[in-house]
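Report on the following structure.
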Amino acid sequence: MKKAKIFTITSVSGGTGKTTTLLNLAATYAVNGKRVLIIDMDLAAGDIAARLDVEFDKDIYHCYEDITNHTFDKIEDYLYSYVDGIDIIPAPKDPRDAGKIDPSFLSFLLSKVTLKYDVILVDSNHLLTKINLVMFDYSDKILYVINNESMNLKGLRTMVAIFEDMESNKMRVILNDSKDPHLGLYSISDIKNITKASIDYRIPKSFYMKHYDHDTMNGHIALISEKKRNKYKRANKVFESMAVALLKED
Ligand SMILES: Nc1ncnc2c1ncn2[C@@H]1O[C@H](COP(=O)(O)OP(=O)(O)OP(=O)(O)O)[C@@H](O)[C@H]1O
Ligand SMILES: [Mg+2]
C-alpha cells in the first residue's frame, strides 16, 4: 500500500497566500484524480472549512481530545468532504483549543490517514511553534510561500540557513506574485542573492483575483473549475507542474 506524500505549507510572515496556494494545489491534485486530505493546522486562526462552506462538528482538537480520553472510535468521524477527492480536517472552532494540542498526537493522526490518501496538504501559520516543527519532521516537503518584498526575503534567508544547519533538503520556495500585483521590487536574481534560496515555483501576477474573498467565502477554489483553469492558464500551468514535481521527488 502506498503512503500519502505530506506537504506542509508555511511562510515567514502572515498573509503571503499560503492558504490560497494550498487550496489551489489541492484542487489541482483532485482534478487529476488524486485523493487529497487537507489538515488545517493553522490552529488559532484556520478557516479552511468556513471558506469552503463545509459544515463540521468535530475539529482537529476534538480528535486530539478523543484520543487522549480513549473515546476515539474511527478517523472518519473527523474527515469532512469538500468535493469528491478532497477531505478536510478542520482547525479548532474555538481558538482557545489551539494551544492545548500536544504535538505527540500527530504521529497517531497521520498513521490513521496516510494509507487513505495520495497527498496530504497541511496548512499552517508562519510561526516556528513546537507543533509546526513536529509537523515539518513528518512532512516530505515544506513549502514556503513568499511575497516579493524585503521583510519576506530577509525572513526566508534566515530559514534557508536553518534548513542548511539541519542538513534538510525539504524546503521548496513558492514566490507568490498574485496576492498583491503592486509588489515586486526585486528581480529573481536579486531574490536569489538576498535569500540564498532557489525559487522553485512562481505564481504569476495574472492569478490575482479581483473577487477572491467573495468567491472563497462562497466555497469556491478557482482551479477546481474548468472555466477558471482556462481563465488563469499560466497559473494553472504552474500548479500543474508543481503538483507533478512534488510527487516525483525522491
Ligand atoms: N490570488 C489572489 N488574488 C487576490 N487576492 C488574493 C490572492 N491570494 C491572496 N489574496 C488576498 O490575500 C489574503 C490572504 O491570503 P491567504 O489567506 O491565502 O494568505 P495566508 O498566507 O494563508 O494568510 P494567513 O497567514 O493569515 O493564514 C486573502 O484573504 C486575499 O484577500
Ligand atoms: Mg492561511
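What follows is calculated from the coordinates using simple rules that are stated; it is not laboratory data. Model, not experiment: these values are computed from the prediction. For neighbour counting, all protein chains shown are included, and Cβ atoms are generated from backbone atoms with ideal geometry for every residue, glycine included.
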List the trypsin sites (Lys or Arg not before Pro) within the stretch 16-124 that DSSP assigns to loop and that have no more than 11 neighbouring Cβ atoms inside 10 Å. K74
Based on the Cβ-Cβ distance from S225 to S189, what FRET efficiency comes out when R0 is 30 Å, to the nearest 0.05? 0.25
Determine the dipole magnitude for the chain: charges of +1 sit on the beta-carbon of Lys and Arg, -1 on that of Asp and Glu, nothing else is charged, the reference point is the Cα centre, and the result goes in debye to the nearest 20. 1120 debye
Euclidean distance between Cα centres, the stretch 79-103 to the stretch 198-250, Å: 23 Å
Among K196, K227, K154, the residue with the largest mean-square fluctuation in a Gaussian network model of the chain built from Cα contacts under 10 Å is K227
Assuming a ≥ b ≥ c are the square roots of the Cα gyration tensor eigenvalues, decide whether the stretch 112-250 counts as rounded (a/c under 1.5), prolate (otherwise, with a/b larger than b/c) or oblate. oblate
Once fully extended, how much extra length lies between R35 and D57, figured as 0.36 nm per residue of separation less the alpha-carbon to alpha-carbon distance? 5.7 nm
Links that overshoot a 30 Å alpha carbon limit, given the list K141/K237; K112/K205; K228/K248: K112/K205
Need one number: nm distance between label points at I75 and K210, each 7 Å from Cα along Cα→Cβ, rounded to one decimal. 4.3 nm
